[in-house]
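The structure appears right after this line, and notes come after that.
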Amino acid sequence: MTATEKKKQAARDRLDELSAAFTKAEEQLEAARTALNEGIVDVLKARTLGPSEVTRHVPYERQHVGRISKAAGIPPLRERTVVSAKKAAGGEASG
């Protein structure tokens, strides 16, 4: 094996090692994300904390916590109080 071939093989080996480490890190991140989302769902289902309080303790914005909650089928703490003007007026006007 020539010096050039050894350098190429060393480069391939290094990239293979780094790629394997990256893939492992992605898998760990996905497992951590899944665990965090499950924890959020557990807390919200138990009504221990509300979504705003949960948001202060997780790396997600309030809207994302809401999406997680909605996807899990958790009903809102309070019913909506705002009614759209279209619904209040009896529906959409036909044009």
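Could you say which residue among Gly95, Gly73 is more than 12 Å from the chain's Cα centre (by Cα), at pLDDT 95 or above and exposed (fewer than 10 other Cβ atoms within 10 Å of the Cβ)?
On the way: Gly95 fails: at pLDDT 95 or above.
It is Gly73.
How many residues does region 17-47 hold that are closer than 13 Å to Ile74 by Cα and open to solvent by 60 Å² or more (accessible area, probe 1.4 Å)?
The number of residues fulfilling the criteria is 5.
For Tyr60, all conditions in the list (1) of a type outside the set (A, V, I, L, M, F, W, C); (2) part of a helix (DSSP H, G or I); (3) under 12 Å from the mean Cα position of the chain (by Cα) hold save one; what is the number of the exception?
All conditions are met except number (2).
The values are calculated or read from the model by the stated rules, or taken from the named source; none is laboratory data. These figures come from a predicted structure and were not determined experimentally. For neighbour counting, all protein chains shown are included, and Cβ atoms are generated from backbone atoms with ideal geometry for every residue, glycine included. To get the accessible areas, we keep the full protein, side chains included, count just its heavy atoms, and leave off ligands, DNA and RNA. Shrake-Rupley method; radii C 1.70, N 1.55, O 1.52, S 1.80 Å.
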